[in-house]
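What follows is a short report on a single structure.
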Amino acid sequence: MPDSDDQPLLGKVALVTGGSRGLGKQMVLGFARAGADVVIASRKLDACEELAREVEAKTGRSALATACHVGHWDQVEGLAEAAYERFGQVDVLVNNAGMSPTYPRPVDVTEELYDKVLAVNLKGPFRITALIGQRMADGEGGSIINVSSTASIRPSADVIPYAPAKAALNAMTEAFAHAYGPKVRVNCIMPGPFLTDISKAWPMEVFNQRAQHFDMRRGGEPEEIVGAALYFATDASSFTTGAILRIDGGSGV
């Protein structure tokens, strides 16, 4: 039998939205290595299925791949039902799905774009947290992890719809901690600049120059998010709720 110290999530089920790539993918793999069965959700089913096969091959844990656009409440409700139908429980929920489309000028942001950004970054996490958090509170408890952004406290001109959505997610973290405590812990990871697929569109020469002003002098690697996720997902954080953990390489406030 695996040692519980090596697999602190053995017997648990973790659901990760935006789980097929980037930080979400690394959290899925980290949870599975820690013993959890996983639910992988994103808009791209083929990417979820590919990661599910990788999880099962590398870790031996069960993985459910499901397509879900978290900005649509009917799809969020379907995701929750699929997870409970397959596994009968969700012990860890990670609200990782997010989006921040570019725009030339603030005046060029359309109502459709604005609504889409708010739906994915805030409306969806609210609904799935309410649905699964209530089941956790009515059952054996659990841990909910929101994934915010340092844009919520250091907004720039190119993320105006995104930044307040993430700021609201910070506030929602504490509110849900009040709503579902003491059986459910609700915390938030606030990442800074990580070198995920999204960073491929960055002008890297400019970024690398900027990174010289970070304490770590670099951007984060996606797997460097896993330690924080495991801390919040496991009993290591048994007296931590309503907290926001900034992970940004010391890029400054």
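Bear in mind that the values in this text are calculations on the coordinates, not laboratory data. Model, not experiment: these values are computed from the prediction. All Cβ positions, even for glycine, are placed from backbone atoms using ideal geometry, and neighbour counts span all protein chains on display.
Some notes on this structure:
- Exposure proxy ranking, count of Cβ atoms within 10 Å, fewest first, for Met136, Met172: Met172, Met136
- Each of the peptides 90-101, 138-149 was scored by the mean count of other Cβ atoms within 10 Å over its residues; in descending order, highest first, they stand as 90-101, 138-149.
- Interchain or long-range residues, amide H under 5 Å from Lys183's placed H: none
- Sorted by Cβ density within 10 Å, fewest first, the residues His178, His72: His178, His72
- The range 1-99 - charge dipole about Cα centre, Lys and Arg +1 at Cβ, Asp and Glu -1, debye rounded to 20: 300
- The simple spin-label model puts a point 7 Å past each Cα toward its Cβ; for Ile160 and Glu85 those points are separated by 4.3 nm.
- Extension gain, Ser238-Ala137: 0.36 nm per intervening residue step, less the Cα-Cα distance, totals 34.8 nm.
- Cross-link reach list, lysines versus Lys25, counting only Cα pairs under 21 Å and skipping chain neighbours closer than eight places: Lys12, Lys44, Lys58, Lys166, Lys200
- Least to most buried among Val70, Val39 (fewest other Cβ within 10 Å first): Val70, Val39
- Over the chain: Rg over Rh, Cα atoms, Kirkwood Rh: 0.95
- Neighbours of Phe176, meaning other residues whose beta-carbon lies under 13 angstrom from its beta-carbon, give a summed charge of +2 when Lys and Arg score +1 and Asp and Glu score -1.
- Each residue, Lys58 and Glu77, gets one label point 7 Å from its Cα in the Cβ direction; the gap between the two is 3.6 nm.
- In order through the range 14-31: 3J(HN,Hα) via Karplus (6.51 cos²θ - 1.76 cosθ + 1.60), integer Hz, x for Gly, Pro: 10, 10, 10, 7, x, x, 8, 8, x, 4, x, 4, 5, 5, 4, 5, x, 5
- Nearest-0.05 FRET efficiency for Glu221 and Leu113, computed from C-beta distance (R0 22 Å): 0.15
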